[in-house]
């Protein structure tokens, strides 16, 4: 193997990046191509430099490491470096190769690194398989508090409270919010599971609505309903959707 | 509960005075209304009333064993009726026996004594009733007092427990991230690593010891908060500045311990962590008429979307101040464009 492994370190603390840098220096296969101190910069650098491996902190300004990953099309091999141990499970859901708890030793670091190097040299599908397995055990998590989207190179963070409703559009979901409309590459199922059920309701196969945005519900024709939102939009309601609405408003 | 007539000097004295008064009334009736001779008046009053004085003290025991917690009302009533009859009977009999012995030759007086037995018996019952009633009042009053005392004690315990639960707790992530910085510095700048280790230790030590204390001097609190900021400064470098405007007169004043710390942590967490720009954290302490006003303010990125955990630290401070000073509005928050400001008012 003559080609070096392109690596980027993403951490908002310089000292934390320095540790990784100095640990990496001892490995000749690594080519450190960049360092980023926030998620926005990281999205840009990853898209530009197409690294094979990233070291990623979770808690960072603006957007977290996880949110950043959502904005990247073909994520490289990821090794998380963080002081937070409660994210370990979530880390493996996003195909992390390893999860280093700060502070960590050179030995522990090397272990993670050799795992990553092996994966890169194989470039196999094995990670994908593990990923799909993990997704099945994905447990009920805390509801989402914000959604990060990227449109035309601009990254926006939408607080959940600003969302009016969501509409399914093939492989994407269109988010209608007071900040504008954003397209996000996620499924309706994802949002149905991750949005707070006290705030949101799936009224239709293609629509999830924020409950406090509903102005009125009316009968269209036999067993067919529609809702009108405060902003004036009208959305269809399915039979099960209507049942759910009835439960909430009674 | 022991006999208050013996135990409590004040009650005993009052009891004694009442009996002296009764003795004087008794004497006056005998002397002015019944025209008895002075020596008979004196002796009769002394014997009868002194006797009941002693009996009255011992009635405490019939009362303290006849409480509603142990017996039913009817049982208590019957017990007391029997005791009243025995006590009064015993009383008039001893009195009659002693006086008729002393004035054995005075037939008229003996007849008077004998004829008045029924009335004296009634008076005995009356004394019994009054003394027993007073005894019950004393018992219930003391119990009530004890209950109040115990309640107050319990409240104090609850308050203490609440305060404990609201106490500042060191954020473990702060410790791990700091240790990571130290680990990094040992490679690049060992002297600085040592400096940071010492700062972290001092901060931990003073935080742990402060948590035992309820209040400490403002100057101590500021020093501790500065240690914290120094440590964060090593982590975040030029990402924030700290400015203080502290009126010298405030420094010796006492404030609840560890209330400044969470405010700075808040500023770091929501200002520095979330922003790409430089953050300025400002501490202002100024004395006011009735309060010491402490202000912590920082600029923040208004674009950043708040994440979970905001406000818990501040809410805890608010609750602590409320418990300590029994006052609701000792903290307020101002949010102007890109400035976040917390004002705390410590009563002086």
(message) Can you report the number of residues in the stretch B:261-290 which are within 28 Å of residue B:183 (Cα to Cα) and without any contact (Cβ under 8 Å) to a residue 40 or more places away in the chain?
(response) 7
(request) Test residue B:248 against the stated conditions and say whether it is away from chain A (no Cβ under 14 Å), farther than 20 Å from residue B:313 by Cα and in contact with a strand residue (DSSP E or B) (Cβ under 8 Å, 6 or more places away or on another chain). (result) no
(request) Go through the stretch B:46-76 and give me each residue that's touching a residue at least 60 places away in the same chain (Cβ under 8 Å), within 32 Å of the chain's Cα centre (by Cα) and either loosely packed, with under 13 Cβ neighbours inside 10 Å or assigned to a helix (DSSP H, G or I) (or both). (result) B:60, B:63, B:64
(message) Only one of B:202, B:184 is surrounded by 15 or more Cβ atoms within 10 Å (Cβ to Cβ), assigned by TED's automatic domain parsing to the domain that holds residue B:171 and without any contact (Cβ under 8 Å) to a residue 24 or more places away in the chain. Can you tell me which?
(response) B:184
(request) Select from the stretch B:226-245 the residues that are over 17 Å from residue B:280 (Cβ atoms) and under 41 Å from the mean Cα position of the chain (by Cα) and write down the one among them that is nearest to the other protein chains (Cβ to nearest Cβ). (result) B:231
(request) Please enumerate the residues belonging to the stretch A:156-198 that are within 11 Å of residue A:144 (Cα to Cα), away from chain B (no Cβ under 14 Å), touching a strand residue (DSSP E or B) at 6+ places or on another chain (Cβ under 6 Å) and surrounded by fewer than 20 Cβ atoms within 10 Å (Cβ to Cβ). (result) A:192
(request) Test each condition in (1) part of a loop (DSSP other than H, G, I, E, B); (2) under 25 Å from residue B:237 (Cα atoms) for residue A:9 and report the one that comes out false. (result) (1)
(message) Looking at the stretch A:224-236, can you tell me whether even one residue there is over 29 Å from the mean Cα position of the chain (by Cα), farther than 22 Å from residue A:176 by Cα and part of a loop (DSSP other than H, G, I, E, B)?
(response) no
(message) Is it the case, given these coordinates, that residue A:57 is at pLDDT 90 or above, at the interface with another protein chain (Cβ under 9 Å from one of its Cβ atoms) and crowded, with 19+ Cβ neighbours inside 10 Å?
(response) no
(request) Take residue B:87 and decide whether it is under 46 Å from the mean Cα position of the chain (by Cα) and in contact (Cβ under 8 Å) with a residue 40 or more places away in the chain. (result) yes
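Residue by residue, here is whether (1) modelled with pLDDT of 90 or more; (2) within 16 Å of residue B:221 (Cβ to Cβ); (3) away from every other protein chain (no Cβ under 14 Å) holds:
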site	(1), (2), (3)
B:294	yes, yes, yes
B:301	no, no, no
B:307	no, no, no
B:310	no, no, no
B:331	yes, yes, yes
B:340	yes, no, yes
B:346	yes, yes, yes
(request) Please enumerate the residues belonging to the stretch B:271-291 that are out of contact with any strand residue (DSSP E or B) (no Cβ under 7 Å at 6 or more places or on another chain) and within 14 Å of another protein chain (Cβ to nearest Cβ). (result) B:273, B:274, B:275, B:276, B:277
(request) Go through the stretch B:99-192 and tell me which helices (runs of 4 or more DSSP H), entirely inside it, have 3 or more residues that are under 30 Å from residue A:60 (Cβ atoms) and in contact with a helix residue (DSSP H, G or I) (Cβ under 8 Å, 6 or more places away or on another chain). (result) B:172-188
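The values are calculated or read from the model by the stated rules, or taken from the named source; none is laboratory data. All of these numbers come straight from a predicted model, not from anything done at the bench. Neighbour counts are summed over all protein chains in view; Cβ atoms, including those assigned to glycine, are modelled from backbone coordinates with ideal geometry.
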